[in-house]
Amino acid sequence: MNNKINRRQCLDALSRGIGVSMAPCLLSGCRSTGQSNPPDRKKKQIKHLITLSFDDGFKKSSLETARLFEKYHLSACINVIATGHLKSFRIPDAYQADISKGDFGLWNELKARGHEIMPHGYRHANKAKMPFEQARDLVLRCLDIFSRELKDFDPRRAVFNFPYNASTPALEKWLAAEVLAFRTGGPALNPLPHPGQVKLTCTSHGPGNIDRHLESKVDQLLSRQSGWLIYNTHGLDGEGWGPVSSYFLEKLINRLLALDAVTLLPAAQSLLTLAPA
Ligand SMILES: [Zn+2]
């Protein structure tokens, strides 16, 4: 790796899909513009991987999340509702009421800045509470909109994030052949990325502030020999269901940056870079 690689190059590379050797630099060797990446870091073995998976596409929170991650040369994992920005969008639950959502102009901008923008449903329906055919239709409609509206979107390189982390065995079986992977409810700790890993499970917490719960899950991961924590976050600073405070999030990022065997990456990038097919 070029020792003089900077933040922009790092994020640009991420937006294109990067090689495994670059992924760890986002936490360790590329922490400030122009800083060199120590040779021994290139080959570091990832023991603890963390994905903070931000749902619902709130405009203000997404912008702030992206800004914060960029400050530390990290790529944020933001999952948005395909029709969330339209006037015809019907608020799916009280926790999303009166909160402005981003549109594909913003999602394309954030993607170009190196962040991961992934689907979180067509209209944020609970797909475990409807017939299979209806749920499949909503997923396909969601992927269609992403393919049209989000530059370079490819379902085969995408993680579909089930609204409410609600899926069914039949949906999971069908969807496994449509996308790179899907995220649903289940254990927070996953095995480290490996070929054929299609089902990702996560935990979440709410409706109030999640700072302490998130910290406890990070501590749980770090107490293990290895693993991949996928934590489903939402808005920042009181926005949406189960928000995290930006103060705590920045403190957590700083804590994780100091740990050599920890890597913080979005879900699809984790699979594409750490477990290439
Ligand atoms: Zn959601």
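The values are calculated or read from the model by the stated rules, or taken from the named source; none is laboratory data. Quantities reported herein were computed from a predicted structural model and do not represent experimental measurements. No Cβ is skipped: glycine too gets one built from the backbone with ideal geometry, and neighbour counts run over all protein chains shown.
Residues to consider are 206, 196; find the one that is more than 15 Å from the chain's Cα centre (by Cα), within 16 Å of the ligand (Cβ to nearest atom), over 14 Å from residue 50 (Cβ atoms) and surrounded by fewer than 22 Cβ atoms within 10 Å (Cβ to Cβ). If you could, list the steps in order and put the result at the bottom.
Numbers: 196 fails: within 16 Å of the ligand (Cβ to nearest atom).
Sole residue among the options that is more than 15 Å from the chain's Cα centre (by Cα), within 16 Å of the ligand (Cβ to nearest atom), over 14 Å from residue 50 (Cβ atoms) and surrounded by fewer than 22 Cβ atoms within 10 Å (Cβ to Cβ): 206.
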Result of the Cβ filter at 9 Å on the range 108-127, keeping first residues that are on the phi > 0 side of the Ramachandran plot and assigned to a loop (DSSP other than H, G, I, E, B) and partners that are of a type in the set (Phe, Trp, Tyr) and away from the ligand (no atom under 16 Å from the Cβ), at least 6 apart or interchain, is 114/69
When the residues of the range 45-104 are filtered to those that are aromatic (Phe, Trp, Tyr) and surrounded by fewer than 18 Cβ atoms within 10 Å (Cβ to Cβ), which remaining residue is farthest from the ligand (Cβ to nearest atom)? 89
Considering only residues that are under 16 Å from residue 229 (Cβ atoms) and among the hydroxyl-bearing types (Ser, Thr, Tyr), which ones fall in the range 163-195? 184
In the range 153-165, anything in a loop (DSSP other than H, G, I, E, B), under 19 Å from residue 272 (Cβ atoms) and free of Cβ contacts under 8 Å to residues at least 60 places away in the same chain is listed as 153, 154
Give me the pairs: first residue in the range 49-71 and without any contact (Cβ under 8 Å) to a residue 60 or more places away in the chain, second residue in a strand (DSSP E or B), beta-carbon distance under 8 Å, and six or more apart or on different chains, which are they? 59/101; 62/54; 62/78; 62/80; 66/78
Name the helices (runs of 4 or more DSSP H) wholly within the range 166-271 that hold at least 2 residues that are farther than 22 Å from residue 142 by Cα? 211-222, 246-257
When the range 220-241 is examined, which residues are found to be touching a residue at least 24 places away in the same chain (Cβ under 8 Å) and either touching a Phe, Trp or Tyr at 6+ places or on another chain (Cβ under 7 Å) or polar (S, T, N, Q) (or both)? 220, 225, 226, 232, 233, 234, 235, 239, 240, 241
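Yes/no per residue for (1) among the hydrophobic types (A, V, I, L, M, F, W, C); (2) in contact with a Gly (Cβ under 9 Å, 6 or more places away or on another chain); (3) at pLDDT 95 or above:
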{"position": "53", "(1), (2), (3)": "no, no, yes"}
{"position": "56", "(1), (2), (3)": "no, yes, yes"}
{"position": "61", "(1), (2), (3)": "no, yes, yes"}
{"position": "87", "(1), (2), (3)": "no, no, no"}
{"position": "94", "(1), (2), (3)": "yes, no, no"}
{"position": "104", "(1), (2), (3)": "yes, no, yes"}
